[in-house]
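Heads up: the structure comes next, in structure tokens.
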Amino acid sequence: MRLLASSPTVRVRSEQVSVRSAKTEVAVNPAPLPARKTSSDRHALVGPASAARWLLLVILLASAYFFYGFLVPLLAAMVIGFASWPLYRRLLKTVDGNRTVAATIAILLVVSFIIVPISLTAIYAVGEVKTWGAWALKANELGAPVPDWLMQVPLAGAWLSSHWDQYVGHPGALGELVQLISGANIGTIYRGILVIGASAFHGILTLLFMLISLFFVYRDGDRIVAQLDVVGGRILPGRWERVSRLVPMTISATVTGMTVIAVGEGIVLGLAYWIAGVPSPVTLGIITGFMALIPGGAPLSFTLVSIYLVARGSFVAGIGLLLWGTVELFVVDKTLRPRLVGGPIKLPFLPTFFGLVGGVKTMGLLGLFVGPVLMALLVAIWREWLLEAQQDT
């Protein structure tokens, strides 16, 4: 028996039996598989905060697309509301904090002192422009001789006279010039001026929506700002406080220091044009106010009109207008602007020009207020971020 147990054959069979039993044990009790990752263990590609920001951005873009027609009056209402908010706070105190009554009175004041004067001025200016258009049609049909006063312009009289004779002096010349510059026929332009009232309905609707929006900006302004602070703090954490402080300051400074003063310069110089006997003083006053939004625009305007008066033979009126404009400009820049704004607005020429022209092109008359404000906001935020980046480095 001992020999049998110790023989190689028995040893091999016993090893085979042990291997089979091990395989059977492995089959019965297999090794545990690695646990599967649940959805909570996986890393999200976009965090909850980022997803909320992107969702808000998509909603805002969709809202801007569907309500594009209301953006212009809404922006105008916000600009006017921000700029006049200190005055509204005083009005609110006088009516014992009744927001609805205060907002109603504020809207009536805006209509009385802003909307009505601007509308009447625009209507009168359209009549003057129609006169210009009628003269242009007649000059294009028959030609217009060189005016005597144009020959008397110092240093440039001969050059101006030759160009007048080339582009206005013979029949059809003015139409060719207009076609070259604008690509439109002069008759088409004049007919467009005549039917300008056809778009008055759209302008009235825009104005109505702006006034309705402005009413709610006045009445619910504090709640709107509080909600914007909450949302803005989540979208721009750490930066919203600076931006929210910068926005009202920039809007107030831009509207007060640029738009209101430019309108005032247009009124004062337009009155001077009327006293000096300049043709179409209302239209020239509007052009001067428009130019006053651009640095150096107002001095250029009244200087050219003064040269016209001197060349026409009205020497005293031309010199008087030049002195009037110089004194007015000195008073505005040295006293009114620093007192209203706390210093001149250091806005570069190119953003001012783009904001002005782009605002008028896309928003019409309201663009005179909204365009420069948006560009001033863009420049102010850009400078703030540049300052922050320089401080970080």
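The values are calculated or read from the model by the stated rules, or taken from the named source; none is laboratory data. All values reported here derive from a predicted model rather than from experimental measurement. In this analysis, Cβ positions are derived from the backbone assuming ideal geometry, glycine residues included, and neighbour counts consider all displayed protein chains.
Values computed for the structure shown
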| item | result |
| --- | --- |
| The range 216-260 - residue that is in a helix (DSSP H, G or I), of a type in the set (Lys, Arg) and surrounded by 15 or more Cβ atoms within 10 Å (Cβ to Cβ) and, of those, modelled with the highest pLDDT | ARG219 |
| Filtered residues of the range 60-102 (kept if among the small types (Gly, Ala, Ser) and not in a helix (DSSP H, G or I)) | SER84, GLY97 |
| Residue ID - surrounded by the most Cβ atoms within 10 Å (Cβ to Cβ), chosen from residues in the range 261-274 that are β-branched (Val, Ile, Thr) and touching a residue at least 40 places away in the same chain (Cβ under 8 Å) | ILE261 |
| Residues that are hydrophobic (A, V, I, L, M, F, W, C), under 30 Å from the mean Cα position of the chain (by Cα) and closer than 16 Å to TRP132 by Cβ, drawn from the range 258-283 | VAL282 |
| Pairs where the first residue, in the range 308-328, is more than 20 Å from LEU155 (Cα to Cα) and the second is of a type in the set (Asp, Glu) and surrounded by 20 or more Cβ atoms within 10 Å (Cβ to Cβ), C-beta under 8 Å, 6+ apart | GLU328/GLU265 |
| Members of the range 51-76 found to be more than 12 Å from ILE251 (Cα to Cα), in contact (Cβ under 8 Å) with a residue 40 or more places away in the chain and within 18 Å of the chain's Cα centre (by Cα), listed by number | PHE70, VAL72, PRO73, LEU74 |
